[in-house]
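Peer 1: One structure, pasted below without further comment.
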Amino acid sequence: MPITVPAYGKEAAGRLASMADVTADDGALRRFLHGLPGVDAVGLEARAATLGTRSIKTTAKAYAIDLAISMIDLTTLEGADTPGKVRALCAKGVHPDPTDRTSPKVAAICVYPDMVATAKEALGDSGVHVASVATAFPAGRAALPVKLADTRDAVAAGADEIDMVIDRGAFLSGRYMDVFEEIKAVKEACARPDGSAAHLKVIFETGELQTYDNVRRVSWLAMLAGADFIKTSTGKVAVNATPPVTLLMLEAVRDFHAATGVQVGVKPAGGIRTTKDAIKYLVMVNETLGEPWLTADWFRFGASSLLNDLLMQRQKLSTGRYSGPDYVTVD
């Protein structure tokens, strides 16, 4: 499955350039972000809950399960990670179900920068991408030169995608231009000598942003700065992806696309563990953004345990029997 890095067409680039005034200086950016409509929290949560009740037929469920598998960024981000563990995860990403080669591959394997070369070698020409966290993940507490070096090292090692974290302290302090400039600098650090670039996902850590209004503001800020994807969470805090927050980010992407013509992806991460959860998110994507976003190019799941549940449900649909966790590999 090819995964493309977005390229802005002439019309989209022109419309995006027309918004340059809102990022001309800190005051203009602040006025724009605080001028965005306030979020109706009750309405947002009600919409997310309603979409979560949609049921789908068996044939559609089979399609949704395979689609969800193909959208997974299969992740290991532990201090105890070893080259052997990363190689095993890569093997699982290429052939999630060793007993059924019709199972789709995952979208990417996500690792720390020092494991990028190992993952790249293990994946070979499988088509599964290597994603690397960077910018002092997960806290983001480092000087900008350190964050940029972190990014460049991962790209040089072969990372196809970079998952950066924003400076939440700067954002919550109202230093929006600092956050904007940092995202731009990391985007530039994703460039390769041949003119191509790694795909940039910007992690907000929404569980620390306090309000829905802040989630809407940071979504627009990141997209204006050039994010290819916006991502909810690191998976390292108590509150990670939730349906209301993801719906709000999907709506921001919809509105940004309407204003600029630029398509941006969304990645909820952390806390999505079951097939039922994954299908709820796919319904939200379809109802909010439509079919163009229902591909791994524009929607991802940041997950580790989700894949096993999807595989067990897939086996149940094909055999009529629920295999249980002993029939899938343990990451």
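Peer 1: To the nearest 0.05, how large is the calculated FRET efficiency for Thr274 and Glu181 if R₀ is 35 Å and r is the Cβ-Cβ distance?
Peer 2: That pair, Thr274 with Glu181, gives E of 0.35.
Peer 1: Mean residue ellipticity at 222 nm from the helices of the chain, using -39,500 (n - 2.57) per DSSP H segment of n ≥ 4 over the full residue count, to the nearest 500 deg cm²/dmol?
Peer 2: -14500 deg cm²/dmol
Peer 1: Could you give P(r) for the stretch 166-293, binned at 10 Å from zero, as whole percent values over all Cα-Cα pairs?
Peer 2: Per 10 Å bin, starting at 0, the Cα pair percentages come out as 12, 43, 34, 10, 0.
Peer 1: How do His129, His257, His34 stack up against each other in accessible area, from largest to smallest, with a 1.4 angstrom probe?
Peer 2: Highest to lowest solvent-accessible surface, that is His34, His257, His129.
Peer 1: Of Asp194, Asp228, Asp100, Asp125, which has the most accessible area with a 1.4 Å probe, and how do the rest follow in descending order?
Peer 2: Asp125, Asp194, Asp100, Asp228
Peer 1: Restricting to the chain, what percent of DSSP beta bridges are antiparallel, rounded to 5?
Peer 2: 5 percent
Peer 1: May I pose another question? Give me the one-decimal nm value for the distance between modelled label points at Ala139 and Lys316, 7 Å along each residue's Cα-to-Cβ direction.
Peer 2: 4.1 nm
Peer 1: For the stretch 81-154, taking Cα atoms only, what is the radius of gyration to one decimal and the Dmax to the nearest whole Å?
Peer 2: For the stretch 81-154, the Cα-based Rg and Dmax read 14.1, 47 Å.
Peer 1: Additional query: Could you list, bin by bin from short to long, the percent of Cα-Cα pairs of the chain in 10 Å steps?
Peer 2: Using 10 Å bins, I get a P(r) of 6, 27, 36, 23, 7, 1, 0 for the chain.
Peer 1: Tell me, what % of the accessible area of the chain is carbon and sulfur with a 1.4 angstrom probe?
Peer 2: C and S atoms contribute 54 percent here.
Peer 1: Same structure, new question: Taking square-rooted eigenvalues a ≥ b ≥ c of the alpha carbon gyration tensor, is the stretch 41-176 rounded, prolate or oblate, where a/c under 1.5 means rounded and, failing that, a/b exceeding b/c means prolate?
Peer 2: Judged from the Cα gyration tensor, the stretch 41-176 comes out oblate (a/c at least 1.5, b/c at or above a/b).
Peer 1: Here's another thing I want to ask about it. Determine the sum of side-chain charges near Thr288: Lys and Arg each +1, Asp and Glu each -1, restricted to other residues whose C-beta is under 12 angstrom from that of Thr288.
Peer 2: -2
Peer 1: Can you give me the distance in nm between label points at Arg192 and Ala149, each placed 7 Å from the Cα along the Cα-to-Cβ direction?
Peer 2: With each label point 7 Å from Cα toward Cβ, the separation is 2.4 nm.
Peer 1: When the Cα atoms of the stretch 242-283 are enclosed in a convex hull and the volume is divided per residue, what value in Å³ results?
Peer 2: Cα-based convex hull of the stretch 242-283, divided per residue, equals 63 Å³.
Peer 1: Considering the chain as a Gaussian network with a 10 Å cut-off on Cα pairs, which listed residue, Ala108, Ala142, Ala191, attains the greatest mean-square fluctuation?
Peer 2: Ala142
Peer 1: Let me ask another. Relative to the present Cα-Cα distance, how much length would full extension add between Arg54 and Val42 at 0.36 nm per residue of separation?
Peer 2: Extra length available between Arg54 and Val42 comes to 2.4 nm.
Peer 1: Here is a follow-up. Which lysines have a Cα lying under 29 Å from the Cα of Lys184, excluding residues fewer than 8 positions away in the same chain?
Peer 2: By straight Cα distance, Lys184 reaches Lys10, Lys120, Lys147, Lys201, Lys231, Lys236, Lys267.
Peer 1: For the stretch 48-158, what is the accessible area per residue in Å², given a 1.4 Å probe and the full set of protein chains?
Peer 2: I get 45 Å² per residue for this part.
Peer 1: Continuing with the same structure: Report the label-to-label distance for Glu287 and Ala170 in nanometres (one decimal), using points 7 Å from each Cα along the Cα→Cβ vector.
Peer 2: My value for the distance between the label points is 3.6 nm.
Peer 1: With every protein chain in place, what's the accessible area of Arg314 (1.4 Å probe, Å², nearest 10)?
Peer 2: About 40 Å², rounded to the nearest 10.
The values are calculated or read from the model by the stated rules, or taken from the named source; none is laboratory data. Worth saying up front: this structure is predicted, and the values here are computed from it rather than measured. Backbone-built Cβ (ideal geometry, glycine too); neighbour counts: all protein chains shown. When the accessible area is computed, the model is the full protein with side chains, heavy atoms only, and any ligands, DNA or RNA have been set aside. Shrake-Rupley method; radii C 1.70, N 1.55, O 1.52, S 1.80 Å.
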